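Written below as structure tokens is the structure these notes are about.
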Amino acid sequence: MDDFRNKVVYQIYPKSFRDSNGDGVGDLRGVTEKLDYIRALGADYIWLTPFFPSPQRDNGYDVADYCAVDPMFGTMADMEELLREAEKRGVGLMLDMVFNHTSTAHRWFRLALAGEKRYQDYYIFRDGPPDAPPTNWQSKFGGSAWEYVPGLGKWYLHLFDVTQADLNWENPAVREEMKNVIRFWQGKGVRAFRFDVVNLISKPDTFENDMEGDGRRFYTDGPRIHEHIRELVRDTGLAGAVTVGEMSSTSLDHCVRYTQPQNGELSMTFSFHHLKVDYRNGDKWQLQPPDLTRLRELFETWQTGMARGGGWNALFWCNHDQPRVVSRFGDDGRYWKESAKMLALCLHLMRGTPYIYQGEELGMTNAYFDRIEQYRDVESVNYFRILTASGMDRRQVMEILRARSRDNSRTPMQWNDTPNAGFTSGTPWIGVSQRNPGANAEAEEKDASSILSFYRRLIRLRKTHPIIARGDIRFLCQDQPGVIAYRRALDGAELTVICNFTAEEITVPDFSGRGEAALLLDSYERPPLIQASGIRLTPFEGCAFLQ
Ligand code: NOJ
């Protein structure tokens, strides 16, 4: 099996990556066109978010057919060409398996609605009167998690959009269908898979109201979750593949179990606790500045906890659901370059497999849209409605969306500084970010001090210094607010990383290694100032020393 520990994964959201035919929507041929860019970056795998036939209510996470290509992204022949061309360059494809739910446009759901009992058992239908949903559970996109079907006199469960019906994993026939999907793509040569919200697939036997929350405690890391994953892996030979599970509101203990090699489950997991440190009262729709102490503590808990348990983290700041990290934990104005590099350095040198989301390597920023009509995301549009209906001032709602909308990461990839950023010759399906056209591939490829060059260097370092992939980890400097510092160790070597997450100068004790250590990287591209009192870090400075 490929050793996933020294690999780097590049995430592509095809809809926004590169449009090859001028219809305003990115496509598979667009990805093939840009393979050399990814190869030059040094990534080993491309995680492609869903390109399967879909009504696109949730941009492809509402799958209507798992084994085909949506014409909007191209054809199966385009997909096969992409696979072949990627392979030639030593890049693997990681496909996104959305197995918690299907679109209500899926054939199975349509047959269920037509009254076929066999397919009703593929989903979670419950009898009940039209005015009383079976439980009070809430959808993650707002509103009730149940939808009534008058023709059947039944409700169905949808943890996400009303057009994303949850599958019934207790039905062995559903589990077989899912295995066949994996086998289909394995047959095409795919060797890596990402599993969407996979820790939500195991629902309880009985459904009850949640008097404390939105229902998630009943189905998150649910009763038979490990069993289901093990069975899927065992029966499809996935143990030989690179796999990552997206784990919603999960726990460290479960993630250790999901990824301990002896358990036969997954290679690694995504968890999200570190991306909630700017949620007030744990609520995504209430703003607060990032709690940097909490961020440091969470990294320490997850890094050392997974290491102790023999588990493995997927490391990430950004994806298609998250705001851009440089706008969120960095400074996308004055310290744009320095903070983007510091954030990259801090994450890539931790213990785990790093994921880079398209454009992150360029320092792309949030969208800075100022009109609701510019937004496309179903969650953003729903919450705009919910928050304004609750009486919140419209301007305040727009400010929240500017910080939190998933569209912040879905603006077109910036290939150059032309008006459509080189993404399309047509009209893009979503507008280009309104900030920093300088964050583009053409400009950064020519500049040795660019954010892109820094990411390339970080990836090369992982391949040349085994300590990055395999070293132990211990956190330093636990009581200095705004600083995240840690030390990796392997076979007598030490790698020390110190990062200033603030716009202030900070002096930390000299952890660099008693004068014998060599500077490996610095987000200012020069050594930090080392004085008798310690290391003086300028705003958003991050540095790494090797000894
Ligand atoms: C997580 C995906 O990353 C997100 O984009 C999607 O909306 C939900 N799962 C539902 O599939």
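The values are calculated or read from the model by the stated rules, or taken from the named source; none is laboratory data. The structure presented is a predicted model; accordingly, all values stated were derived computationally and were not measured. A quick note on method: Cβ atoms are made from the backbone with ideal geometry, for glycine too, and the neighbour counts reach across all protein chains shown. When the accessible area is computed, the model is the full protein with side chains, heavy atoms only, and any ligands, DNA or RNA have been set aside. Shrake-Rupley method; radii C 1.70, N 1.55, O 1.52, S 1.80 Å.
Brief remarks on what is shown
- For region 7-24, the count of residues that are within 21 Å of ALA241 (Cβ to Cβ), in contact with a strand residue (DSSP E or B) (Cβ under 8 Å, 6 or more places away or on another chain), within 12 Å of the ligand (Cβ to nearest atom) and modelled with pLDDT of 95 or more is nonzero.
- Identity of the residue in region 162-191, buried (at least 19 other Cβ atoms within 10 Å of the Cβ) and touching a Ser or Thr at 6+ places or on another chain (Cβ under 7 Å), that ends up farthest from ALA64 (Cα to Cα): TRP169
- Within region 459-514, the residues that satisfy the criterion of being open to solvent by 20 Å² or more (accessible area, probe 1.4 Å), more than 14 Å from ALA544 (Cβ to Cβ) and of a type in the set (Gly, Ala, Ser) are GLY492, ALA503.
- Just one of (1) open to solvent by 10 Å² or more (accessible area, probe 1.4 Å); (2) of a type outside the set (Val, Ile, Thr); (3) touching a residue at least 24 places away in the same chain (Cβ under 8 Å); (4) under 30 Å from LEU83 (Cα atoms) fails for LYS154. It is (4).
- HIS106 satisfies every condition listed in (1) of a type outside the set (A, V, I, L, M); (2) modelled with pLDDT under 95; (3) open to solvent by less than 50 Å² (accessible area, probe 1.4 Å) except (2).
- The residue that is nearest to ARG224 (Cα to Cα), counting only those in region 192-205 that are within 16 Å of the ligand (Cβ to nearest atom), of a type in the set (D, E, K, R) and not in a strand (DSSP E or B), is LYS203.
- Scanning region 238-263 for residues that are under 19 Å from MET94 (Cα atoms) and either at pLDDT 95 or above or within 16 Å of the ligand (Cβ to nearest atom) (or both) returns LEU238, ALA241, VAL242, THR243, VAL244, GLY245, GLU246, MET247, TYR258, THR259.
- Scan region 230-250 for residues that are under 17 Å from the mean Cα position of the chain (by Cα) and of a type outside the set (A, V, I, L, M) and the total you get is 6.
- Residue in region 380-403 that is under 18 Å from the mean Cα position of the chain (by Cα) and among the acidic types (Asp, Glu) present: no
- Tally of residues being touching a strand residue (DSSP E or B) at 6+ places or on another chain (Cβ under 8 Å) and open to solvent by 20 Å² or more (accessible area, probe 1.4 Å) across region 230-281: 3
- The helices (runs of 4 or more DSSP H) located wholly in region 206-279 that include 2 or more residues which are in contact with a helix residue (DSSP H, G or I) (Cβ under 6 Å, 6 or more places away or on another chain) and in contact (Cβ under 8 Å) with a residue 40 or more places away in the chain occupy 225-236, 252-259.
- Looking only at region 109-121, and only at residues there that are closer than 16 Å to GLU147 by Cβ and of a type outside the set (Lys, Arg), the one that is most open to solvent (accessible area, probe 1.4 Å): LEU113
- Flag for ILE530 being in contact (Cβ under 8 Å) with a residue 40 or more places away in the chain and either closer than 24 Å to ARG5 by Cβ or open to solvent by 40 Å² or more (accessible area, probe 1.4 Å) (or both): no
- In region 494-513, the residues that are out of contact with any Cys (no Cβ under 6 Å at 6 or more places or on another chain) and at pLDDT 95 or above: GLU494, LEU495, THR496, VAL497, ASN500, PHE501, THR502, ALA503, GLU504, GLU505, ILE506, THR507
- Consider region 39-54 and keep the residues that are within 14 Å of the ligand (Cβ to nearest atom) and not hydrophobic (A, V, I, L, M, F, W, C). The one that is most open to solvent (accessible area, probe 1.4 Å) is SER54.
- Of the listed requirements (1) more than 16 Å from the ligand (Cβ to nearest atom); (2) over 16 Å from the mean Cα position of the chain (by Cα); (3) among the charged types (D, E, K, R), ARG376 misses just one: (1).
- Within region 20-33, the residues that satisfy the criterion of being open to solvent by 20 Å² or more (accessible area, probe 1.4 Å) and without any contact (Cβ under 8 Å) to a residue 60 or more places away in the chain are SER20, ASN21, ARG29, THR32, GLU33.
- Residue in region 55-80 that is least open to solvent (accessible area, probe 1.4 Å), counting only those that are free of Cβ contacts under 8 Å to residues at least 24 places away in the same chain and within 16 Å of the ligand (Cβ to nearest atom): ASP70
- Among the residues making up region 194-206, those that are within 27 Å of THR135 (Cβ to Cβ) and open to solvent by less than 40 Å² (accessible area, probe 1.4 Å) are PHE195, ASP196, VAL197, VAL198, ASN199, LEU200, ILE201, SER202, LYS203, PRO204.
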